[in-house]
Amino acid sequence: MSRIGKKPVAIPAGVTASMADGVLSVKGPKGQLTMPLSDLISYEIKDEGVSVQPANKSKEARAFWGMQRTLVQNLVTGVTEGFTKVLEITGVGYRATAQGKVLKLQLGYSHDVNFDVPEGIEIKTPDNTTVEISGIDKQKVGQVAAEIRRWRKPEPYKGKGIKYRGEYIFRKEGKKK
C-alpha cells in the first residue's frame, strides 16, 4: 500500500489539468507540461485534485503507484513554482559566466568549456563560482546540472571541482612522510 499514492495531488488556483489520448497535461502561470499516462494506473481529475490509483492488484501496478503520483505532483509544482538547482565551483581559477544561451566554464583545462543551454532551461551566474539552473521540468533541470557537474567532479583531497549546494564531499587525508 502506497502512503504517498493515497493522497490526491492538489491543484492550486490558476492551474488546469486535463487528460486526452493517454497524456496528462497541466497548464499554469509558468507554462505547460505533459506526461504520458501508464496503463497500470488509473487517473481521475476531481475538484480536490488529481487522484492516482492502481488499475489492478498486480505487484507492478502497486510499485508504480507512488512514483506516478509523485510525477503528477512534479508537473503541478513545475508550472506553479518551478525547480532550481545550484552548483558551486571550488578551485583556483575555476569560474563560470553565463552569456546568453551559452554557459562559459573555465575549469583548468587548456580551453574554455562552452555549454549550450537547452530550451526551457534558464542559467544565471550571480557570482563567478555559483551557477543557478532553473526551469519548470524537474527532470530536465537535474539532467543539465548533472551534465555541467560532469565536466569537473569534486575530488576528495582538496575538494576542487563542481558540486551541488549542500552536497557533502568525503575528504581524504593526503600522503604523510
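The values are calculated or read from the model by the stated rules, or taken from the named source; none is laboratory data. For clarity, every value in this text was computed on a predicted model and none was experimentally measured. Note that we place each Cβ from the backbone using ideal geometry, even for glycine, and neighbour counts take in every protein chain shown.
What to note about this one:
- Subset of region 55-72 [among the charged types (D, E, K, R) and out of contact with any Pro (no Cβ under 8 Å at 6 or more places or on another chain)]: Lys57, Lys59, Glu60, Arg69
- Of the residues in region 142-158, not one is modelled with pLDDT under 95, small (Gly, Ala, Ser) and out of contact with any Leu (no Cβ under 7 Å at 6 or more places or on another chain).
- Taking the listed residues Val76, Val26, Val50, the one that is of a type outside the set (Ser, Thr, Tyr) and in contact (Cβ under 8 Å) with a residue 60 or more places away in the chain is Val76, with no other qualifying.
- Counting the residues of region 105-118 that are surrounded by 15 or more Cβ atoms within 10 Å (Cβ to Cβ) and under 16 Å from Asn128 (Cβ atoms) gives 4.
- Checklist (1) without any contact (Cβ under 8 Å) to a residue 60 or more places away in the chain; (2) within 30 Å of Gly14 (Cα to Cα); (3) crowded, with 16+ Cβ neighbours inside 10 Å; (4) among the hydrophobic types (A, V, I, L, M, F, W, C) applied to Ala55, failing item: (3)
A quick yes/no check of all residues on (1) in contact with a Lys or Arg (Cβ under 6 Å, 6 or more places away or on another chain); (2) among the hydroxyl-bearing types (Ser, Thr, Tyr); (3) under 24 Å from Pro154 (Cα atoms):
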{"site": "Val79", "(1), (2), (3)": "yes, no, no"}
{"site": "Ile89", "(1), (2), (3)": "no, no, yes"}
{"site": "Gly93", "(1), (2), (3)": "no, no, yes"}
{"site": "Lys101", "(1), (2), (3)": "no, no, no"}
{"site": "Thr130", "(1), (2), (3)": "no, yes, yes"}
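- For the residues Leu87, Leu75, Leu33, the requirement of being in the same structural domain as Trp151 (by TED's automatic domain parsing), under 23 Å from the mean Cα position of the chain (by Cα) and either surrounded by 15 or more Cβ atoms within 10 Å (Cβ to Cβ) or part of a strand (DSSP E or B) (or both) singles out Leu87.
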